[in-house]
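Working notes for the structure below.
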Amino acid sequence: MHARQALASGIIGLCAAALAAAAFAQAQYPSRPVRLIVPFPAGGSSDLLGRALARKMSEGLAQQVVVENRAGAGGTIGIGVVAKSPADGYTLGLGTVSTLGMAPVVRAHPPYDSLAAFAPVSLVASAPFLLVVNASVPAKSLAEMIEFAKSRPGQLNFASIGDGTLQHFTGESFKSLAGINMVHVPYKGSTLSTIDLMAGRIQLQITSIPASLPHVRSGKLRALAVTSRERVSGLPQTPTVAESGFPGFQASLWMGVFVPARTPGAVTATLGTAFASTLGASALRDALVEQGFEPGTLSPAVFSRLIREDAARWRKVIEDAGIKPE
């Protein structure tokens, strides 16, 4: 009897010690470098945003935040890595509307459940898309590009960062509204597609402003329209798609930071505070706006609701269009 009591007391003591150690570790968080997984290749808009955040977050957390690019499958490979990582706050993921709002809808067997596998930390920014062409393409406006495409049905290509991404479906939606026939060419990220666009191997690209803005300013690419509701400050002369004859057309890519589900609340709160402080820095905000981002934060609860609403919205769009999950 005494032996059982001693054993039980020992087990209770060990559990208490483990809980105390975990609580101490949380209180000391972070005590080592943190990795931020960006699910797209280096050089794209997600990568640019992730690296800008990592630099400022390293200062706020007093630990280095290291960006790790894990590209492939429209971003689902990298986000899948986050889902399988320990829930200790040392692996973060930069998710997008494509990887979290759309992947469960457009993929028959997604590698994660975006509503159950993650705990949202904060929305970080949103960015509309640009419709850009190679400077050698004769079209100087969206209307001219449509006429150019109609004169060459099925002969022109448009690029996105992958099948099932928001860029892909933005392009398909535009094709349908404009009544044109272009071939979709998926890439693993905007860096490679931009190289092919500048080389003339593709004619049109649906891309983020940060990834394409330097090439537009250098004259290597020509911006035809932006998918935001209003013109963007970095490209004031570029009209919106809505202005160009398609009222109501709008598409914007949001990006946010997530941790694996079951990450301790104290750790998530620490990260949320750090991100709010990071995005509150005027120098960083100004730099992001200059690159075409719209910085902004949402509480975890509001952010979770946004993800659910986007998943439901895209499910309806895909079902109405008769598109089957791949």
Based on the mean of other beta carbon atoms within 10 Å per residue, what is the order of 85-92, 122-129, 150-157, most packed first? 122-129, 85-92, 150-157
Listed by chain and number, the residues whose amide H is under 5 Å from that of residue 206, excluding neighbours fewer than 5 places away on the same chain and using placed H, are 159
Would you pull out the residues with amide H under 5 Å of residue 119's amide H, same chain only if 5 or more places away, H placed 1.01 Å from N? 259, 261
Dipole size in debye (nearest 20) for the chain around its Cα centre, Lys and Arg Cβ +1, Asp and Glu Cβ -1? 320
Can you pull the one-decimal nm distance between simple spin-label points at residue 107 and residue 55, each 7 Å off the Cα toward Cβ? 3.1
Choose one answer from 190, 233, 208: the residue with the largest mean-square fluctuation in a GNM of the chain with alpha-carbon springs under 10 Å. 233
Quick one: Karplus J couplings for the stretch 216-224, per residue in order, coefficients 6.51, -1.76, 1.60, θ = phi - 60°, nearest Hz, x for Gly and Pro? 5, 5, 7, x, 6, 10, 10, 7, 9
Among 250, 167, 237, whose mean-square fluctuation peaks in a Gaussian network model of the chain (Cα, cutoff 10 Å)? 237
For residue 220, list the lysines whose Cα falls under 22 Å from its own Cα; do not include residues on the same chain fewer than 8 positions away. 140, 188
Long-range HN-HN contacts of residue 240 with modeled amide H, under 5 Å: 226
Going highest first, how would you order 67-74, 280-287, 301-308, 253-260 by mean Cβ packing within 10 Å? 253-260, 67-74, 301-308, 280-287
Magnitude of the Cβ-charge dipole of the stretch 128-226, K/R +1 and D/E -1, about the Cα centre, nearest 20 debye? 220
Label points 7 Å out from Cα along the Cβ direction at residue 229 and residue 290: separation in nm? 2.8
Listed candidates (i) 31, 51, 13, 4, 0; (ii) 26, 43, 30, 1; (iii) 31, 53, 16, 0 - label of the one calculated as P(r) over Cα pairs in 20 Å bins from 0, in percent: (i)
Quick one: 3J(HN,Hα) in Hz for the stretch 75-86, Karplus 6.51/-1.76/1.60 with θ = phi - 60°, rounded, Gly and Pro as x. x, 6, 5, x, 5, x, 4, 4, 4, 8, 7, x
Cα lying deepest toward the dipole's positive end in the chain, options 228, 29, 314, charges on Cβ: 29
Whole-Hz Karplus ³J(HN,Hα) for the stretch 183-198, in order, using 6.51 cos²θ - 1.76 cosθ + 1.60 and θ = phi - 60°, x for Gly and Pro? 8, 7, 10, x, 10, 7, x, 6, 4, 5, 5, 5, 4, 5, 5, 5
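Each value in this text was obtained by applying a stated rule to the coordinates, not by laboratory testing. It should be emphasised that the depicted structure is a prediction, and the values quoted were computed from it without experimental measurement. Please note: Cβ atoms are built from the backbone with ideal geometry, for glycine as well, and neighbour counts cover all protein chains shown.
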